[in-house]
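The values are calculated or read from the model by the stated rules, or taken from the named source; none is laboratory data. Remember, it's a predicted structure, so these values are computed and weren't measured experimentally. Cβ atoms come from the backbone with ideal geometry, glycine included; neighbour counts cover every protein chain shown. Surface accessibility is based on the protein's heavy atoms, side chains included, excluding ligands, DNA and RNA. Shrake-Rupley method; radii C 1.70, N 1.55, O 1.52, S 1.80 Å.
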Amino acid sequence: MVPPITLNNGVTMPQLGFGVWQVPDPEAETAVTAALEAGYRSIDTAAVYGNEEGTGRAVAASGVPREDLFVTTKLWNDDQGYDTTLRAFDTSLSKLGLDYVDLYLIHWPMPARGRYVDTYRAFEKLHAEGRIRAIGVSNFLPEHLEHLLEETSVVPAVNQIELHPHLQQSAAREYHAERGIATEAWSPLGSGKGLLEVPAIVAVARKHGRTPAQVVLRWHLQLGNVVIPKSVTPSRIEENIDVFDFSLDTEDLAAINALNEDRRLGSDPATVN
Ligand SMILES: NC(=O)c1ccc[n+]([C@@H]2O[C@H](COP(=O)([O-])OP(=O)(O)OC[C@H]3O[C@@H](n4cnc5c(N)ncnc54)[C@H](OP(=O)(O)O)[C@@H]3O)[C@@H](O)[C@H]2O)c1
């Protein structure tokens, strides 16, 4: 149902997945179970979310073959550094109950700490050992990627960044595209905070007989972004994956493109340390 995108190392990843930020562990098990039943095959968690165990339980109980799943987790900031990364990865893997992950991301660059290159070298080792199918980063600005590319040998497969109609990130998207790095959008629905009531989006939704969330997800997909909408509401979990039987036209895309305000909901990667 969900089209795959091919990452720069040939691994394929579903273009739409399921995010579990701010979902407590027991609820994550329920939500991920609902998502897998609805047809999602890609799940995005992180060590800091505290729900790798619930995610892992849902995956194990689902009966979905491991090779059909795409599991992403992220290394938390406190664990940056070569040896600490190797240990944190073992902990994540054991909490997930898996013997490999599909994608492992450095959660934030933390530039003032100067450890993301060493961290990434540990990622390269784990990747070479076959314990991670694709390695990448999150919240990296082009300047951080530039430094990483100079110092290491595996080009990150993915950069997961805040991206939604109020923060369209065209310069970052272009930088990634030129280097074969897939752009993955976090808070693709603007975290549900007001974006879905914006009149231009509501108008496009009415025109297609769809919901504002579906229209925003279509906008991402047609731009080529990977998206990971989060919901703990069963009807929304289904709604958010039911976006492959309609498309936005040039006029719809232009109306949404006009909403950019370069406005972040989350932290600025340049200053989070
Ligand atoms: N790398 C990073 O630093 C980073 C940072 C933030 C997020 N992420 C990842 O990105 C994922 C998504 O981001 P997000 O969780 O911030 O926000 P989001 O997916 O943009 O929005 C989620 C919010 O929208 C609501 N919602 C979901 N579907 C809806 C629909 N169809 N109609 C109306 N409201 C809807 C949800 O409510 P209910 O749940 O109550 O239904 C929730 O409040 C996260 O879960 C996480 O995996 C990564």
Check whether at least one residue in region 4-11 is within 13 Å of the ligand (Cβ to nearest atom), under 17 Å from the mean Cα position of the chain (by Cα) and over 13 Å from Thr72 (Cβ atoms), and report yes or no.
no
Take the residues of region 151-199 that are hydrophobic (A, V, I, L, M, F, W, C) and in a strand (DSSP E or B): which is nearest to the ligand (Cβ to nearest atom)?
Trp186
Positions within region 12-70 being under 29 Å from Gly224 (Cβ atoms) and among the acidic types (Asp, Glu), in sequence order
Glu37, Asp44, Glu52, Glu67, Asp68
Just give me the residues in region 139-167 being buried (at least 23 other Cβ atoms within 10 Å of the Cβ) and among the polar types (S, T, N, Q), in sequence order.
Asn139, Asn159, Gln160
Answer yes or no as to whether Arg121 is in a strand (DSSP E or B), over 30 Å from Ile256 (Cα atoms) and not hydrophobic (A, V, I, L, M, F, W, C).
no
Just give me the residues in region 252-271 being open to solvent by 70 Å² or more (accessible area, probe 1.4 Å), in contact with a strand residue (DSSP E or B) (Cβ under 7 Å, 6 or more places away or on another chain) and within 16 Å of the ligand (Cβ to nearest atom), in sequence order.
Arg263, Arg264, Leu265
For Trp186, the lone unmet condition from (1) more than 14 Å from His220 (Cα to Cα); (2) surrounded by fewer than 23 Cβ atoms within 10 Å (Cβ to Cβ); (3) touching a Phe, Trp or Tyr at 6+ places or on another chain (Cβ under 9 Å) is (1)
Residues located in region 200-251, provided they are surrounded by fewer than 19 Cβ atoms within 10 Å (Cβ to Cβ), of a type in the set (Lys, Arg) and within 10 Å of the ligand (Cβ to nearest atom)
Arg236
Give me a count of the residues in region 133-150 that are touching a strand residue (DSSP E or B) at 6+ places or on another chain (Cβ under 6 Å) and not in a loop (DSSP other than H, G, I, E, B).
6
Quick check on my filter: what residues within region 97-118 are assigned to a loop (DSSP other than H, G, I, E, B) and crowded, with 18+ Cβ neighbours inside 10 Å?
Leu98, His107, Trp108, Pro109, Met110, Arg115
Enumerated helices (runs of 4 or more DSSP H) restricted to region 207-273, each holding at least 1 residues that are under 20 Å from Gln22 (Cα atoms)
212-223, 234-241
